[in-house]
Amino acid sequence: MQQAVLIAPIVLPVFFWAVYHYHKDRHLPEPLGHLLLAFVFGIVAAGISQSLYIGLEPLGLRYDAGYLAETNTLGLLANSLLAIGPIEELSKLLLFVLIVVRFEEFDEPVDGIIYASFIGLGYAAIENWQYLDYLTPLEAIARGFASPVVHIVFASIWGYWIGRAYQQHESLLTASLVGFLIAALLHGVYDFMVLLQPYSALPAAALLIVGIWVWRLFAIRRLRGQAVRD
């Protein structure tokens, strides 16, 4: 029973957002097996990002973000924009461009956002699991619901660009690069704010996430409308 209570902040948000995105994809729903595979890719992505962080150490480029927040604001900004954002978004994007876009069922523009969101869910689940030992139950619940949203919205940016490129028969490589750069930049800005001022920056950070989420809602509606007309 105690173990179930401990993992509830991880499992329940994942289930909620998985159902939500499956409902959003109701026009031509993706196979559940492929969505589950995308979730697993998110778990793998968490391992990839950890390896990339470790790989910075021999180069002298791995820094404690919490320490930078207390001692070096410019260093924290550089670390957020050049390490945290790029590493985490690249890790999530990697298996998407290598495998997911090759799925036969990747057949409508909104699929880019849907699969990217499931990868974000898997990544957030592992990230939340790693933080369980350091959080109070209330903090674990709050993080359990917030972290998936954060990873979903940033992954949705490159997912949107790739899905749109698919629809318009444009270069997926160019779309991946543009989407990655935008997502990595915004992810880095978000982390910079919440690391520098964990409490006073929350309104601004929340506003950033809400803004991307609203854009995402309109993007999904537009892509679904185009798919129905086609």
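The values are calculated or read from the model by the stated rules, or taken from the named source; none is laboratory data. Every value quoted in this text rests on a predicted model; they were computed, and no experiment measured them. Heads up, the Cβs are rebuilt from the backbone with ideal geometry, glycines too, and the neighbour counts pull from every protein chain shown. Just the protein is used for accessible areas: all its heavy atoms, side chains included, with ligands, DNA and RNA removed. Shrake-Rupley method; radii C 1.70, N 1.55, O 1.52, S 1.80 Å.
So the check is Cβ under 7 Å with 6+ separation or different chains; which pairs have a first residue in region 163-179 that's without any contact (Cβ under 8 Å) to a residue 24 or more places away in the chain and a second one that's open to solvent by 40 Å² or more (accessible area, probe 1.4 Å) and not in a helix (DSSP H, G or I)?
Partner pairs satisfying both residue conditions: ALA165/SER171.
Within the set of pairs 6 or more residues apart or between chains, which connect a residue that is part of a loop (DSSP other than H, G, I, E, B) inside region 1-28 to a residue that is at pLDDT 80 or above with Cβ atoms less than 6 Å apart?
ASP25/ILE114; LEU28/GLU108
Among (1) open to solvent by 10 Å² or more (accessible area, probe 1.4 Å); (2) touching a residue at least 24 places away in the same chain (Cβ under 8 Å); (3) aromatic (Phe, Trp, Tyr); (4) farther than 16 Å from HIS21 by Cα, there is one condition PHE145 misses while meeting the rest; what is its number?
Answer for PHE145: the failing condition is (4).
Out of the residues in region 175-209 meeting the condition of being open to solvent by 80 Å² or more (accessible area, probe 1.4 Å) and either assigned to a helix (DSSP H, G or I) or aliphatic (A, V, I, L, M) (or both), tell me which one is modelled with the lowest pLDDT. Full working, then the answer.
Quick first cut of region 175-209, residues open to solvent by 80 Å² or more (accessible area, probe 1.4 Å) only: 177, 181, 185, 197, 199-200, 202-203, 207.
Still in the running and either assigned to a helix (DSSP H, G or I) or aliphatic (A, V, I, L, M) (or both): 177, 181, 185, 202-203, 207.
Details: LEU177: 97, LEU181: 98, LEU185: 98, LEU202: 83, PRO203: 89, LEU207: 95.
Looking at the filtered set, the residue picked out is LEU202.
I'm told GLU170 meets every condition in (1) surrounded by fewer than 17 Cβ atoms within 10 Å (Cβ to Cβ); (2) of a type in the set (D, E, K, R); (3) assigned to a helix (DSSP H, G or I) except one. Can you identify the failing condition by its number?
All conditions are met except number (3).
Applying the selection to region 64-83, what residues are modelled with pLDDT of 95 or more and touching a Gly at 6+ places or on another chain (Cβ under 6 Å)?
Passing the criteria: SER80, LEU81.
Being more than 12 Å from the chain's Cα centre (by Cα), of a type in the set (Val, Ile, Thr), under 27 Å from ILE114 (Cβ atoms) and open to solvent by 60 Å² or more (accessible area, probe 1.4 Å) is the filter here, so list the residues in region 41-57 that pass it.
VAL44
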